[in-house]
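This report concerns only the one structure given below.
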DNA sequence: TATTGTTATACTCTATAACTATA
DNA sequence: TATAGTTATAGAGTATAACAATA
């Protein structure tokens, strides 16, 4: 029995595991993964529908519907833009912020538990390598990993 | 500007990035992420609907529908079980195997490109840490990371 | 009675195309 | 004309509940 994983398998299996954990925590608060992701993005940004669609990798119509459903639950608000009256900015409500913080808290615990078997220095190295990978990928694709959306 | 990520952020961002890559490659073959995942599982197993539901973390009814749609595309077959006439086994067709191999090939290239910025020894260490984490997690949850489904 | 799988139903999520309002 | 966003439509994906067949 081969007890080793290829880089691809390790990354894929880890990604499914993490998504599953996130989905389960979100489910505890009766919210979907994509809704949670939406709220997570809005924690430090107030983007337009188009910007949101770009970040999420969705069509603007899909994004509009996503925001509709979040709004119906009182988690986000559409704020009319003064600069361009065609445009709106999507903003987290207090309820939305509480929601995403509750999910994030539980999930952070899951990650901590998952990393526990690793030695402390290995955990740090893992984080460092992933960060390096993500930063390089973002740079190669002209994305800002640390966008604050304050512009 | 803080150019560092927490463990949680690094893992989450990496998981979304990987899932997005996989989804894009699957989309090139007009297939969804979950369908691709189904086919991937079936590469080395011929599980029942219930077993599949367990692995995918879905309800058996959702799994039944998933298999329906894959079957309609000619990617899988339902094989009646001889041991228990209530049960069926889901098996990849030749077309399904071709499909999943085509997606996997493109995707392996994405992963290689993504890992390229890392030094070779760091790539190896990253894979080792992730594997260690996955093996420990599987053990803690009574799962077999290397199940072959030949039973 | 319990289990395996399917079906009916309802909802979320998604894309495409057509539309409205504004630029 | 072009762009921002919404709406109409269709389909995939999901869970719950009820069901049929088999154990």
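Taken together, the values in this text are just the output of simple stated rules run on the coordinates, not laboratory data. Keep in mind that what you see is a predicted model, and the values were worked out from it rather than measured. Because the Cβ atoms are built from the backbone with ideal geometry, glycine has one as well, and the counts that use them run over all protein chains shown.
Each other copy holds its own label point for residue B:142; taking that point as 7 Å from Cα along Cα to Cβ, the gaps run 5.2 nm, nearest first. Roughly what angle does helix B:120-140 make with the longest principal axis of chain B, taking Cα atoms, 0 to 90 degrees, to the nearest 10? Long axis of B:120-140 versus the principal axis of chain B: about 50 degrees.
By its C-alpha gyration tensor, with a ≥ b ≥ c as the square roots of the eigenvalues, how is the range B:79-138 shaped: rounded for a/c under 1.5, else prolate for a/b larger than b/c, else oblate? Provide the component values of the computation, followed by the final result.
Working: a/c = 6.63, a/b = 1.84, b/c = 3.60.
Oblate, since a/c reaches 1.5 and b/c is not below a/b.
Under the shape rule built on the C-alpha gyration tensor, where the axes satisfy a ≥ b ≥ c, the range A:36-102 is prolate, since a/c reaches at least 1.5 and a/b is greater than b/c. The long axis of helix B:7-28 is offset from the longest Cα principal axis of chain B by roughly 50 degrees. I'd like the orientation of helix A:60-72 relative to chain A: the angle between its Cα long axis and the longest Cα principal axis, in ° from 0 to 90, rounded to 10. Its long axis makes an angle of about 80 degrees. In chain B, the beta carbon lying closest to the axis that superposes B onto A belongs to the residue given here with its whole-angstrom distance, B:15, 2. Label-point distances for residue B:78 to the equivalent site in the other copies, using a point 7 angstrom along Cα→C-beta, read 4.3 nm when ranked shortest first. With its label point put 7 Å out from Cα toward Cβ, residue B:30 sits 4.0 nm from the same residue's point in the other copies, in order from shortest.
Using only alpha carbon pairs under 8 Å that are at least six residues apart, calculate the relative contact order of chain A and give it in whole percent.
Working: 109 pairs, mean separation 35.0, N = 151.
The normalised contact order for chain A reaches 23 percent.
Anisotropy class assigned to chain B is prolate, per the alpha carbon gyration tensor with a/c at or over the 1.5 cut-off and a/b larger than b/c.
Listed from fewest to most Cβ neighbours within 10 Å, the set B:132, B:121 follows the order B:121, B:132. The alpha carbon centroids of the range B:64-113 and the range A:49-109 are separated by 36 Å.
Extending 7 Å from Cα along the Cβ direction at residue A:116 and again at residue B:94 yields two label points whose distance is 5.0 nm.
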